[in-house]
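For reference, the structure discussed in these notes is given below.
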Amino acid sequence: MKTIANVLTAACLVALPVAGQASPESDLNDFRDHFYKKFPDTPKDDFINGVYSIDPASREQWEAFEEFPSYEIYIDKGEELFNKKFANGKGFADCFPNYEKGIRQNYPYFDSGSGSIVTLEGAINKCLTDNGEKPYKWKKGNITYVSAYLASKSRGNKINIKIPNDPKAIDQYNRGKKHFYAKRGQLNMACADCHYHYAGAKIRADILSPALGHPTGFPVYRNKWAGASKKGDGMGSLHRRYGGCNKQVRAKPFKAQSDEYKALEYFHTYMSNGLEVNGPSQRK
Amino acid sequence: MAKSIKLRAKAKDGVATVKCLISHPMETGLRKDKKSGKMIPAEFIQEVTCEHGGKTVLGAEWGSAISKNPFLSFKFSGAKSGDSIKISWVDNKGASDSLEGKIK
Amino acid sequence: MNQNRRVLLKGSLAAGAVGAAVSAGLLTPKAVMAAWSKEAFEAKDTNAALAGAMGSSDTTASDKIKLKAPDIAENGAVVPITVTSGIDGTTNMSILVANNNTPLTSSYAFGPDTEGYISTRVKMGKTSDVIAVVKAGGKLYSTRKEVKVTIGGCGG
């Protein structure tokens, strides 16, 4: 844990932006500029490829995986689930009429009726329960297969998260932003320490990926998750990853699809506006 | 084990490049399930074959050190777009599957 | 050549006729396993593994074999390996990981029209040489490359 400690002390010297003051648009501009300056060699639309957008050595290996990625198996499973009729005769297509054109780019969105954030996973499970079916578990398994299928249909569409001029929407955005910049856990580190200020730095055997473009590739197939247990098939949602990153700094993770993570996803995905959806994708 | 094989084959200048991905756990039999603490029994593909025009173009023997969800790519000549090829596998437990696909 | 034929026949038998027979419940899995080079795959050192898989462990280093593997594996459970043999008349290929408990990962028998080319993904327990062995004209040629396996673990 030495390296983390070193990064930590160094990170403390860096002034963090103050949450909740600037408008989302100016936040977005600053956010992009930061990464464009930090990684001038990375084409702007390549940040969707996570750490591989900034590390040529691991990129080559990743390209070998992407030649025939394991997640294709799960896109197929997702398609099967998507097309299976519910007991009432309806199906997912009734909930997601535009799925052929791709819908991933519009999630998460602010629902003014309930004043809350709707994630793609939330919408998938709502579709199930509205039709009298049992919801899926949140972080892995069926929900990631269906979301992988929906993401694959949305590839190339540009992330288009809207923050309406509604105080409740701004609140959600600010809550997510705060989570991103707030230090937490025994190691007292923020998402921003690792994925904003120190993106590109090495932490143990990992190079830290830029937060710009983070959400575009989800759900992901991780070799690490694939090897964890007999049942682990490698697929996981963005919130599964959030939980892992919270745990890394010895902070208690929030529940997948908790209001806290939904707000974080809202901010985090808004920061990738204009980038192409490329989920599902393959990761270390 | 329905649909365990995904196949992509393309012919260019008479040479077919075949890529396949097989959904299979490729368990070595030497590791414990982290959750249950129990040993996971060995389960891995031992033989993979590819046939084209009634001939075996590739015979592969695998051990458990081939990664989970195995990937295999190879090339052979004398193929053209529209030809069909057949990929088959058998694992140590006797499970098997095969898929016939067209070369693009 | 003989060896090649044998493996080829074995391969097509197992996956074709035997495979079908197994699925139809006509044969027990044991009959299938008999065809597989058990000794070679269970051998604990590279020489024994090679002897079992290729009939000999006597190899000549050749720079006509191109072995593509990462310098540092992202994850030892999935290491992409591509071997291209530039040696005329390549009939067989084996890929070994020297420091694995059982080094032999896989063996391939090529038909007469099949190129000496294989791309796959292998498991590596620790940092090790990856060895590609090719048989052509009954002789064995080899090349090797070290692949470092680091213990990851960070990244949730």
Are there any trypsin sites (Lys or Arg not before Pro) in segment A:46-96 that are in a DSSP loop and have at most 16 other Cβ atoms within 10 Å? List them by number. A:Lys84, A:Lys85, A:Lys90
Less than 14 Å Cβ to Cβ from A:Ser26, Lys/Arg counted +1 and Asp/Glu -1: what total charge do the surrounding residues give? -2
Suppose every K and R has +1 on its Cβ and every D and E has -1 on its Cβ; what is the size of the dipole of the protein assembly as shown about the Cα centre, in Debye to the nearest 20? 1100
What shape does the protein assembly as shown take by its C-alpha gyration tensor, where a ≥ b ≥ c are the square roots of the eigenvalues and a/c under 1.5 counts as rounded, a/b above b/c as prolate, and the rest as oblate? prolate
With axes computed from alpha carbons, what is the tilt in degrees of helix A:238-248 against the longest principal axis of chain A, rounded to the nearest 10 within 0 to 90? 40
If the elastic network links every pair of Cα atoms under 10 Å, which of B:Pro70, B:Pro25, B:Pro41 fluctuates the most in the Gaussian network model of chain B? B:Pro41
Between A:Pro210, A:Pro56, A:Pro69, where does the largest GNM mean-square fluctuation fall for chain A, given springs only between Cα atoms within less than 10 Å? A:Pro56
Which parts of segment B:35-60 would a label at A:Lys137 reach, counting a residue when its backbone N lies under 12 Å from a point 7 Å out along Cα-to-Cβ? B:35-36
Please find, in a Gaussian network model of chain A (springs between Cα atoms separated by less than 10 Å), the residue of A:Glu121, A:Glu25, A:Glu72 whose mean-square fluctuation is greatest. A:Glu25
Surface/4 of the Cα convex hull for segment B:5-102, nm²: 6.4
Suppose a student asked you for the relative contact order of chain A, using Cα pairs under 8 Å spaced at least 6 residues apart; what percent would you report? 27
Provide the per residue accessible area, probe 1.4 Å, for chain A, rounded to a whole number of square angstrom. 44
Per residue of A:113-123, other chain Cβ atoms within 10 Å number on average 0
Measure off 7 Å from each Cα along the Cα-to-Cβ vector at A:Arg250 and C:Asn47, then give the distance between these two points in nanometres to one decimal. 5.0
Measure off, as a whole percent, the carbon and sulfur share of the 1.4 Å-probe accessible area of segment B:5-102, all protein chains present. 50
Specify whether the C-alpha gyration tensor of segment C:35-149 places it in the rounded, prolate or oblate class, a ≥ b ≥ c being the square roots of the eigenvalues: rounded for a/c under 1.5, otherwise prolate if a/b is larger than b/c and oblate if not. oblate
In Å² (nearest 100), what accessible area is buried between B and C, both sides summed, heavy protein atoms only, 1.4 Å probe? 3100
In nm, to one decimal, how far is the modelled label at A:Lys44 from the one at A:Lys90, with both set 7 Å along Cα→Cβ? 4.2
Cα-Cα over 26 Å: which of B:Lys6/C:Lys135; B:Lys3/B:Lys68; A:Lys137/A:Lys231? B:Lys6/C:Lys135
Run the numbers for A:Glu66 and A:Asp166: contour at 0.36 nm per residue of separation, minus the present Cα-Cα distance, in nm. 31.9 nm
Per residue, how much accessible area does segment B:5-102 show when a 1.4 Å probe rolls over the protein heavy atoms, in square angstrom? 40
Per the 1/(1 + (r/R0)^6) rule, R0 = 56 Å and r from the Cβ atoms of B:Glu100 and A:Asp259, FRET efficiency to 0.05 is 0.65
Could you give the alpha-carbon Rg of chain A over 2.2 N^0.38 Å, rounded to two decimals? 0.98
What aspartates and glutamates does A:Lys139 reach when the alpha-carbon gap must be under 13 Å and sequence neighbours fewer than 8 apart in one chain are set aside? A:Glu121, A:Asp233
Send over the Kirkwood Rh of segment A:72-154, from the inverse of the averaged 1/r over different Cα pairs, rounded to one decimal Å. 12.9
May I ask for the angle, rounded to the nearest 10°, between helix A:142-154 and the longest principal axis of chain A, with both axes built from Cα atoms and the value confined to 0 to 90°? 80
What angle do you read, to the nearest 10 degrees and between 0 and 90, between the alpha-carbon axis of helix A:56-66 and the longest principal axis of chain A? 10
How far is it, in nm, from the label point at A:Glu80 to the one at A:Lys101 when both lie 7 Å from their Cα along the line to the Cβ? 3.1
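The values are calculated or read from the model by the stated rules, or taken from the named source; none is laboratory data. These numbers come from a predicted model, not from an experiment. Note that each Cβ is placed from the backbone with ideal geometry, even for glycine, and that neighbours are counted across all protein chains shown. These accessible areas exclude ligands, DNA and RNA; they are computed on the full protein's heavy atoms, side chains included. Shrake-Rupley method; radii C 1.70, N 1.55, O 1.52, S 1.80 Å.
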